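Notes for the one structure printed next.
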């Protein structure tokens, strides 16, 4: 079962949820605990909570036990005001957790599910002709990080105008519905190193090839790169990671040396883009 969650105080998440309730014909349910709303259908539950999404550390306790993965429907904020449809996993690479989760902890990623959503978003974006928007992975960031099941965020960026736009709600909801209807596809699970917060090379690769990303550590967080962080990026996934994909231009020699030494010790593949 897919566990869809959102904050009732978030215009993006609430708007997406309204479309999903209508399009999927979901019925009210008592299967959620301490939620503001709870709706259920075939293989999906949709729950709204009062808390902000980065503090959804309680999903294991409040969502039905049958939920195998959490997909959080959310707004995305950007100082650059980038109009976007994004997908990402959760975690804090450093010793701080300013936006939820725990320091140095990564949530469990779901490379295949996030990849299917990314591809569905790209398709919906093309059909909608919203050329001013960007479809992208985001680098791993913010909480929650301690849940026992995989968690994926799907977001609309990046201001109230975009969060409240009903066409944006429909685009995200359509992508989730496509996932629910066609959950199977083959891809090579990987992790990403380098690139910006919107790691365009990694996104382009995932849209062109059958490679699906778990955690992505961006260039601005590479001071935290270590064997331990690579271990976490690989182990905190719901499927086995087969390759590390490195954006060469966005990494220094010492980063690449560390990655290559790690690969020689573990046998994992490394690829530069």
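Rule-based calculations on the coordinates, nothing more; no lab input. All of these numbers come straight from a predicted model, not from anything done at the bench. Counting neighbours? That spans all protein chains shown, and the Cβs are built from the backbone with ideal geometry, glycine included.
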Between helix 253-266 and the chain: long-axis angle, C-alpha atoms, 0 to 90°, nearest 10: 80
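Which order results if 169, 96 are arranged by neighbouring Cβ count within 10 Å, fewest first?
Numbers: 169 23, 96 9.
Neighbour counts put them in this order, fewest first: 96, 169.
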Share antiparallel - DSSP beta bridges, the stretch 1-61, percent rounded to 5: 55
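Using r as the Cβ-Cβ distance of residue 181 and residue 238, and R0 as 22 Å, what FRET efficiency do you calculate, to the nearest 0.05? List each step's numbers first, then the result.
Values: r = 20 Å, r/R0 = 0.92.
Computed FRET efficiency for residue 181 and residue 238 comes out at 0.60.
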Residues of the stretch 91-125 with amide N under 12 Å of a point placed 7 Å along Cα→Cβ from residue 167: 125
Cα long-axis angle, helix 166-181 against the chain (0 to 90 degrees, to the nearest 10): 80
The chain - share of DSSP beta bridges that are antiparallel (%, nearest 5): 25
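Determine, for 89, 255, the number of other Cβ atoms within 10 Å of each Cβ, and report the residues in order from fewest to most.
Values: 89 29, 255 19.
The order, fewest Cβ neighbours first, is 255, 89.
Assuming 0.36 nm per residue, please report the length gained on full extension of the stretch residue 36 to residue 269 beyond their Cα-Cα distance. Walk me through the numbers before you get to the answer.
Details: separation 233, 0.36 × 233 = 83.88 nm, distance 4.54 nm.
Gain in length upon complete extension: 79.3 nm.
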Estimated distance in nm for a label pair at residue 253 and residue 81, the labels positioned 7 Å out from Cα along Cα-to-Cβ: 4.3
Calculated [θ] (222 nm, deg cm²/dmol) that DSSP helices of n ≥ 4 give over the chain, each run adding -39,500 (n - 2.57): -10000 deg cm²/dmol
C-alpha center-to-center spacing [the stretch 190-252, the stretch 47-67] in angstrom: 27
Folded to 0 to 90 degrees: helix 11-24 orientation relative to the chain principal axis, Cα: 70
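Treat the count of other C-beta atoms within 10 Å as a stand-in for reagent exposure and order 179, 167, 46 from fewest to most.
Working: 179 21, 167 9, 46 26.
Final ranking by Cβ density, sparse to dense: 167, 179, 46.
With r as the distance between the Cβ atoms of residue 102 and residue 224 and R0 = 22 Å, compute the FRET efficiency 1/(1 + (r/R0)^6) and round to 0.05.
Numbers: r = 14 Å, r/R0 = 0.65.
The value I calculate is 0.95.
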Length released on extending from residue 55 to residue 131, taking residue separation times 0.36 nm less the Cα-Cα span: 24.1 nm
